[in-house]
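For reference, the structure is listed below as structure tokens.
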Amino acid sequence: MSIKALVAATLPIAALVLAPSAVAQPPGGEHCAPSNGQAIVITAGDIDCITAADFAAQYDLYGDKFQTIGPFTCYSGNAMTAPLLFQCVADTADAAEFGVYPA
């Protein structure tokens, strides 16, 4: 086997091994313990994991894309934001925000 053939055969394999993963990871923030098959990540504001989980439990995954739950507007993710299921943003002074991912 010639050097050209060897390089041509191994280059695509090396590119796949060295390529960054295309799977999105939850962002930084306060990661809450998984509950009911969901993992919550608090990304902004003054909200604790228990309160965020209470609001998240009210979101209907099969309902409207945008849902108002208390002070939060929650909306579902899409293929570009996967694995994000939905996120909620509060219309308050501290603008609390959290995302919900599969656990």
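Restricting attention to segment 69-88, the residues being in a strand (DSSP E or B) and more than 14 Å from the chain's Cα centre (by Cα) number 3.
For (1) at pLDDT 95 or above; (2) in a loop (DSSP other than H, G, I, E, B); (3) of a type outside the set (Lys, Arg), each residue gets a yes or a no:
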site	(1), (2), (3)
Ser21	no, yes, yes
Ala33	yes, yes, yes
Thr43	yes, no, yes
Ile47	yes, yes, yes
Ala53	yes, no, yes
Gln58	yes, yes, yes
Asp64	yes, yes, yes
Gln67	yes, no, yes
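Out of the residues in segment 40-51 meeting the condition of being within 20 Å of Ala82 (Cα to Cα) and surrounded by 19 or more Cβ atoms within 10 Å (Cβ to Cβ), tell me which one is farthest from the chain's Cα centre (by Cα). The extreme case among them is Ile42.
The values are calculated or read from the model by the stated rules, or taken from the named source; none is laboratory data. Just so it is clear, the model here is predicted, and its values are computed rather than measured. Methodologically, a virtual Cβ is constructed for each residue, glycine included, from the backbone with ideal geometry; neighbour enumeration extends over all protein chains shown.
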